[in-house]
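The values are calculated or read from the model by the stated rules, or taken from the named source; none is laboratory data. None of the values given here were measured: they were computed from a predicted structure. A quick note on method: Cβ atoms are made from the backbone with ideal geometry, for glycine too, and the neighbour counts reach across all protein chains shown. For the accessible areas, the whole protein counts, side chains as well, though only heavy atoms, and no ligand, DNA or RNA atoms are used. Shrake-Rupley method; radii C 1.70, N 1.55, O 1.52, S 1.80 Å.
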Amino acid sequence: MDFESSTHFSHSRLETHKECPRRYLHRYVRKDKRERRTAETFLGGCVHRALEELYGQLQHGRVMPQAEVLKAFAGHWEEGWADAIEIHDKRISPKEFKGVGEECLRTYYEAHAPFDDGRAHEVEKKLSLPLAVDVDGEAGEYVIDGFIDRLSFPRGEPDLIEIHDYKTGAHLPTQPEVDGLSQFDVYDLLVRARYPGVKRVGVFLHFLRFGRTLRPSRDPSADRTGKTLEFLASCIKDVKRDRVWEPRFSHLCDWCEYRDVCPRWAHGEKVKTLTHEARLKDGGVRLVDELAALEEKKKKLKEELKDLDREEAEVRDALLEFASELGVSAVSGTAGEAVISEKEECKFPTKTHSPEKLEELEGILKEMSIWKDVSHVDPHLLLQGLRERRWDPGALQAVSALIESFVHFVKEKHLRLRRKKGEAEPDCLKVSVGRYKPRRGLAHPRRYP
Ligand code: SF4
């Protein structure tokens with residue numbers, strides 16, 4: 001069984017586990033290192049290296065001219081660019097990507113030149129912190145590592161350190177998104193541990209494509225060490241306890257380097273490599289296409305049924321009117337007769353129709369001794385309340401204990417068909433196996449070679 005035996009963790013490593021445990025398994029536990037080289041990550045790497053050189057030379061009192069910074073960037077680009085680097089948006093050429101990098105550096109340089117604000121810098125700084133974590137009674141000694149793009153030390157302010165981080169992505173986050181970045185709490189923790197005299201830690205995120213610097217809106221003097229240590233310990237526990245390594249589908253799957261071994265995408269990735277003819281012969285493709293055709297047929301029949309229901313309602317109305325005009329309670333036809341009867345139906349208030357009335361009725365019934373006879377447990381509401389943490393911690397704990405004692409969980413498979421966007425033919429549809437319960441005796445009704 002796969003389990004995590006490593007003792008070194010970083011924020012990005014722990015974040016990978018939160019985002020998708022299966023990806024973590026492949027990358028860190030099975031150590032199946034695959035670098036998916038994309039134009040975006042390559043661009044980021046080249047820009048980071050050029051800025052590293054700029055600030056590296058500043059440490060020795062030399063300001064690199066802008067042209068030299070751009071030349072350094074171009075050098076890294078020419079040296080590292082390869083045709084195998086993926087470009088997601090085919091409308092953008094490698095040359096245009098290079099241009100984006102140059103523009104990032106130009107804008108940044110112009111905003112910060114002449115770099116004479118009296119700050120000392122340390123670049124690509126690795127900081128580490130030991131952390132003891134008890135995982136289910138087993139004491140462990142771990143190390144938290146962090147790589148910081150740049151640390152700046154403003155002269156005359158020995159109690160202040162600034163963390164600078166460069167971002168070259170095409171997304172400019174909102175302030176709440178910036179505030180939610182736990183990465184900088186970890187950096188803050190590492191900086192305070194490494195420089196004990198520091199009382200204030202400032203964080204600067206440079207979004208180079210936008211020429212914008214954003215800062216988490218928190219007090220630089222606030223020491224969040226306790227909370228961050230708790231957060232890291234809980235992340236380490238999650239990783240150490242994991243034996244399932246569940247694949248977690250998200251938009252990040254588009255960038256994942258393990259799609260060919262991921263249960264969610266492996267078949268689709270395999271099918272992609274086949275010729276059209278071979279694809280149509282694939283057992284999975286045939287079953288999915290058959291399912292799609294059946295769903296389509298059902299959809300058409302449902303539409304026809306709806307039309308028939310509408311027609312039937314019209315005929316019924318006409319018959320009621322006919323009978324009422326004649327003053328009869330049965331109308332004869334050649335195929336049978338329509339018999340009309342009248343009965344009273346109870347319409348109670350519901351949550352969707354008259355919720356206030358329902359509440360009022362419940363309130364009155366609760367006061368009466370019969371409440372226990374007419375109320376019932378709603379499992380759906382209990383689970384929903386628990387999931388959404390609707391009640392106070394005591395009640396949540398009690399409900400959780402009740403569910404554990406009285407409820408048993410059964411794993412069922414569901415199957416949902418998702419059509420590929422823009423494909424008219426039901427050829428090779430995406431299938432996600434969710435809940436599908438085969439009927440007894442029909443678990444494998446058909447097999448294809
Ligand atoms: S493809 Fe998606 S679900 Fe699969 S391992 Fe990668 S991130 Fe996880």
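The figures follow:
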read-out	value
Among the residues listed as ARG62, ARG34, the single one being modelled with pLDDT of 90 or more and open to solvent by 60 Å² or more (accessible area, probe 1.4 Å)	ARG62
Selection status of GLU404, in a helix (DSSP H, G or I), at pLDDT 90 or above and open to solvent by 60 Å² or more (accessible area, probe 1.4 Å)	no
Residue count, the range 280-310 (criterion: under 28 Å from HIS26 (Cα atoms) and either open to solvent by 50 Å² or more (accessible area, probe 1.4 Å) or within 16 Å of the ligand (Cβ to nearest atom) (or both))	0
Matching residues in the range 114-150 - criterion: being in a loop (DSSP other than H, G, I, E, B) and small (Gly, Ala, Ser)	GLY118, GLY137
Verdict on VAL178 being open to solvent by less than 20 Å² (accessible area, probe 1.4 Å) and touching a residue at least 40 places away in the same chain (Cβ under 8 Å)	no
Matching entry among HIS8, HIS26, HIS48, HIS17 (being in contact with a strand residue (DSSP E or B) (Cβ under 7 Å, 6 or more places away or on another chain), surrounded by 16 or more Cβ atoms within 10 Å (Cβ to Cβ) and touching a residue at least 40 places away in the same chain (Cβ under 8 Å))	HIS48
Lone qualifier among PHE204, PHE184 - being over 26 Å from ARG36 (Cα atoms), away from the ligand (no atom under 16 Å from the Cβ) and either touching a residue at least 12 places away in the same chain (Cβ under 8 Å) or open to solvent by less than 60 Å² (accessible area, probe 1.4 Å) (or both)	PHE204
Output for the range 250-263, where each listed residue is surrounded by 13 or more Cβ atoms within 10 Å (Cβ to Cβ) and either in contact (Cβ under 8 Å) with a residue 12 or more places away in the chain or more than 7 Å from the ligand (Cβ to nearest atom) (or both)	CYS253, TRP255, CYS256, GLU257, TYR258, ASP260, VAL261, CYS262
Count - residues of the range 235-249 that are open to solvent by 50 Å² or more (accessible area, probe 1.4 Å), under 30 Å from ASP134 (Cβ atoms) and either within 9 Å of the ligand (Cβ to nearest atom) or touching a helix residue (DSSP H, G or I) at 6+ places or on another chain (Cβ under 9 Å) (or both)	4
Where a residue in the range 89-115 is within 22 Å of LEU205 (Cα to Cα) and its partner, wherever it lies, is open to solvent by 50 Å² or more (accessible area, probe 1.4 Å), with Cβ under 6 Å and at least six apart	CYS104/ARG209; THR107/GLY211; PHE115/VAL63
Those residues of the range 264-278 which are more than 16 Å from the ligand (Cβ to nearest atom) and open to solvent by 50 Å² or more (accessible area, probe 1.4 Å), in sequence order	THR273, LEU274, THR275, HIS276, GLU277
Qualifying positions in the range 207-217 - out of contact with any Ser or Thr (no Cβ under 9 Å at 6 or more places or on another chain) and open to solvent by 50 Å² or more (accessible area, probe 1.4 Å)	ARG212, THR213, ARG215, SER217
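So that you can scan it fast, the table gives a plain yes or no per residue for (1) modelled with pLDDT of 95 or more; (2) farther than 30 Å from LEU252 by Cα:
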{"residue": "VAL47", "(1), (2)": "yes, no"}
{"residue": "LEU51", "(1), (2)": "yes, no"}
{"residue": "GLY56", "(1), (2)": "no, yes"}
{"residue": "LYS71", "(1), (2)": "yes, yes"}
{"residue": "GLY75", "(1), (2)": "yes, yes"}
{"residue": "ASP89", "(1), (2)": "no, no"}
